Amino acid sequence: MLRQRIITAAWLAPLVLAGLFGLQGGAFALFTAVMVLLGAWEWTNLSGVMRQASRIQLVAALGVIMLLMWLSGAAFAVWPLWCAALGWLLNLFWVTQYPEKGAQWQATSRRLAMGLWVLLPCWVGFNILRESGAVWLLFVLLLVWSADIGAYFAGRRFGKRKLAPRVSPGKSWEGVIGGLVATTLLAVIFAFWQSLGFTGGITLVVMTAVVTLTSVLGDLLESMLKRYRDIKDSSQLLPGHGGVLDRIDSLTAAIPLFALLYLLVLQAQVAPL
């Protein structure tokens, strides 16, 4: 298993990094659309859609929506990000109230609707951050990775108080704190690098804390859906790593929220690169 994970990572990481930072405009939108549509294929399974033909039709429908949004300019609009913010508040309620409130979202149609406000704004957020300058796309990616690494080591060393034992028993509050420490350090480094000044630096640190906590929610939401479906991985598309959603679950929450906060409070304080 470890050998397979290493082999997959060896070709996948350069491909993803080249796509995210080597492409722009329509090519970048297409590359990220493919990522999101692969995640959508897995989401149909998490939603309980079993017929292959139905899953293909649903993914194709999302692809058409994305194409229409690109052609109309809505791929750079702020309203999908607001929809994501409201949707993630609802996701937070369902995760914290699992399994008592499960009847509110367990119908297949409702899980599919949930996928719309999780996946589509993520694609929009990718486009907005890439358009604003690759540095902030890099930042949010490093944020999610730093949060995961900080949470892993802090959780292993200090973890005692369970974060959401009925959803993901392995996560602890100490791990969350470790992730926050790691991402706060990252925000300080970027604030100095981008010459944000004191006010801009504080703004970035606060934004980072909010997005870090939301990224944890992205992980928990997928864990909740997989637990309900009684599956370990969202798919086997990435040998040794599970599925695409297993790799981007935190990003589906972090990307749209950071893009929204960037547009609302940070954009005026930085110069696009």
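Derivation of every value follows stated rules applied to the coordinates shown; laboratory data play no part. Note that the structure is predicted; figures quoted are calculated from it, not measured. With ideal geometry, Cβ positions are generated from the backbone for all residues, glycine too; neighbour counts draw on all protein chains shown.
Some points to look at:
- Residue order, fewest to most surrounding Cβ atoms within 10 angstrom, among Leu138, Leu237: Leu138, Leu237
- Cβ-based exposure ranking for Asp230, Asp148, in which fewest neighbours within 10 Å come first: Asp230, Asp148
- Protection-proxy order for peptides 216-225, 96-105, each taking the mean of Cβ atoms within 10 Å per residue, highest first: 216-225, 96-105
- Count, lysine Cα pairs under 18 Å in the chain, 8 or more residues apart or across chains: 5
- The order of Ser72, Ser172, going from fewest to most other C-beta atoms within 10 Å of their C-beta, is Ser72, Ser172.
- Over all projection directions, the Cα-based convex hull of segment 2-269 averages an area of 14.2 nm².
- Förster-model FRET efficiency, 35 Å R0, Ser195 and Val34, C-beta, rounded to 0.05: 0.50
- Note on Lys232 and Leu67: their simple-model spin labels are 3.8 nm apart, each label 7 Å out from Cα toward Cβ.
- Near Ser172, the amide H atoms lying under 5 Å from its own belong to Leu163; only residues 5 or more places off or on other chains count, and H is placed 1.01 Å from N.
- Residue among Arg161, Arg130, Arg111 with the largest mean-square fluctuation in a Gaussian network model of the chain, springs linking Cα atoms under 10 Å: Arg161
- Note on Arg161 and Ala209: with the Förster distance fixed at 22 Å, the Cβ-Cβ geometry gives a FRET efficiency of about 0.70.
- Projecting the Cα positions of Met69, Ser47, Trp11 onto the charge dipole of segment 2-269 (unit charges on Cβ atoms of Lys, Arg, Asp and Glu, taken about the Cα centre) puts Ser47 furthest along the positive direction.
- Two-decimal Rg to Rh for segment 17-112 - Kirkwood Rh, Cα set: 1.02
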